[in-house]
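Q: The structure follows.
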Amino acid sequence: MHLPRSIRLLIAMALLVLSLGALLLLLVLSEATLNIQARLQEAPFWLRYAWWGLLGIFGLLTTWLLWRVLRPSRPKPSPVEDATAAAAPTAEQVTAAIEKARELGSDVTAAQRELEELRRRRETGEIHVALYGEVSTGKSALVRALLPDAEAQSDVRGGTTRDLTRYRWLSPSGDVLQITDMPGTAEADGTLDQLATDEATRAHIVVYVTDGDVNRAQHAALQDLLALQKPLILVLNKTDRYSPEDTARLAERLQALIADRDNAELVLVSAATTREVLVQLPDGSEQLETRTLAPRVQALAVALQRMVDGNQEILDRLRDSATFVLASQHVDQALAAARRQRAEKLVDSYSAKAVVGAMAAITPGSDLLIQGFLGTQMVRELAELYDTKISKVDSELLLKLVQQHVGRAHTLLLAVAGNALKSFPGIGTLAGGAMHAVAYGIIFRTLGRALSTTLDTRGELHPRQTARLFEEKLGEDLETPARNLARVVVERFRSGDKT
């Protein structure tokens, strides 16, 4: 080491001090051990054995604690594995969820369609195989090579397959398989990704096709499919384009992605039937020639047969569980949409009530009592709509925080209300009661939207976060809702309910 002399002297002195300290500690421990040993010789034999036993227990305990602290930490399960650990819903649970969603006015057609498709597939007894992968990885060509008599679209342009195309295949062992060629994922607009993902979820076996090393999006999609815990074949296609060394390296990387999965395996294939080669002619010129190749897809056929030869009951159970999960997702989506629609109507209703309540206030301060009661009721009804329990403390805290934000935006709200009232001749010049009524309506509409958004996304009430969202929404476009609320005020004035 080329260190300055002063640094080397400091290191030497430090080593010397440490050595002397270690030697001193050793001498002290030795003296203490000898003294204890001498005293134990004079003590009863049972005391000697007890002492050494306690010393041994202390040593073992210390060793165990050190091992607990220093042992390598186990990697935490990924979110996908955590989600997989949760039990899939049963048919009864899915049916009950559909009925509950229907009672709320949800459109459960998609979920019912999934259960009907599952029933149909059970009756046919066929094994469904889904080809999944990004555009232009050669899925259609792979089907054509595996089933020479089938007609599948395949083109050099990305995204040729636009719909689910099914092919019936009788395996060498006599099993009937329905192979589904699906749209490639990762198109420019991504509109077909969900179609392919849903079909992969319904299938018994998934064949994930790639023509090279996977990117981030492919890796995420592959992990989601592995999380279904159903048989999966990872196919490296177009191996004719790679050298043996490159093929081996790619195979090693892809195998690592499924190394811990007992029901997944990797196969290498080439669905190509032609190849263009550059040929040098006798006169020295060169030209491209197309040569015929025999596709190499036998490894895929063998892998499919091996998975089919497994336990059919397990295959059906995994297929059913995944389909129930898919149906539950459709129910959740329909339920969320229905709740959003009902929440919007409920918020509009309370906004109108707030306007009427503010106009009906007679004594100073009575409007605050009216709005506090309406606010509590709106919070309670929105919580019931989203099956959420909200404590009285959280509800009061939310209204208190909202009132603080309203105080800072009071001038803005009155200005917006005044502008809205000016759209109605003869109304905009009235006293400030009309403007306050519209302002209260805006407050209730904004509070309701903030609360419904929180309950929809988080599933529970967070008063401070909801209050911040309320403040953010107060800065959004208020003109249109203000005019709608001003119309309520005008109708009340013209009907003679307000003097």
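Q: Name the residues whose placed amide hydrogens come within less than 5 Å of the amide hydrogen of Val209, ignoring near sequence neighbours (fewer than 5 apart) on the same chain.
A: Tyr132, Gly133, Val235
Q: Taking H as built 1.01 Å from N, whose amide H comes closer than 5 Å to the amide H of Ala272, not counting residues under 5 places away?
A: Long-range HN contacts for Ala272: Lys238, Arg296.
Q: I would also like to ask the following. Do any of Lys100/Lys392; Lys353/Lys473; Lys230/Lys389 go past 31 Å between their Cα atoms, and which?
A: Lys230/Lys389
Q: Please report Rg (one decimal) and Dmax (integer) in Å for the Cα set of the range 208-266.
A: 11.4, 34
Q: A further question on this structure: Looking at the square roots a ≥ b ≥ c of the eigenvalues of the Cα gyration tensor of the range 290-341, which shape do they give, rounded for a/c under 1.5, prolate if a/b is larger than b/c, or oblate?
A: oblate
Q: Whole-Hz Karplus ³J(HN,Hα) for the range 440-456, in order, using 6.51 cos²θ - 1.76 cosθ + 1.60 and θ = phi - 60°, x for Gly and Pro?
A: 4, x, 4, 4, 5, 4, 5, 4, x, 5, 5, 5, 5, 5, 5, 5, 5
Q: Related question: Could you order Trp52, Trp169 by accessible surface area, starting with the largest, using a probe radius of 1.4 Å?
A: I get Trp52, Trp169, largest accessible area first.
Q: OK, next. What are the ³J(HN,Hα) couplings of the range 202-208, residue after residue, when phi is run through the Karplus curve with 6.51, -1.76, 1.60 and θ = phi - 60°? Round to Hz, x for glycine and proline.
A: Per-residue couplings from phi come out as 6, 6, 6, 10, 10, 10, 9 Hz.
Q: Listed highest first by mean packing, meaning other Cβ atoms within 10 Å per residue, what order do 126-132, 18-24 come in?
A: Packing order, densest peptide first, comes out as 126-132, 18-24.
Q: Determine ³J(HN,Hα), in whole Hz, for all residues of the range 19-33 in sequence, where each value follows from phi through the Karplus function 6.51 cos²θ - 1.76 cosθ + 1.60 and θ = phi - 60°; x replaces Gly and Pro.
A: Per residue, the Karplus-derived 3J(HN,Hα) values read 5, 4, x, 5, 5, 5, 4, 5, 5, 5, 5, 5, 4, 5, 5 Hz.
The values are calculated or read from the model by the stated rules, or taken from the named source; none is laboratory data. Just so we're clear, the structure is a prediction, and the values are computed from it rather than from any experiment. Here the Cβ is made from the backbone with ideal geometry for all residues, glycine too, and neighbour counts use every protein chain on show. We work out accessible area using only protein heavy atoms, side chains counted, and drop any ligands, DNA or RNA first. Shrake-Rupley method; radii C 1.70, N 1.55, O 1.52, S 1.80 Å.
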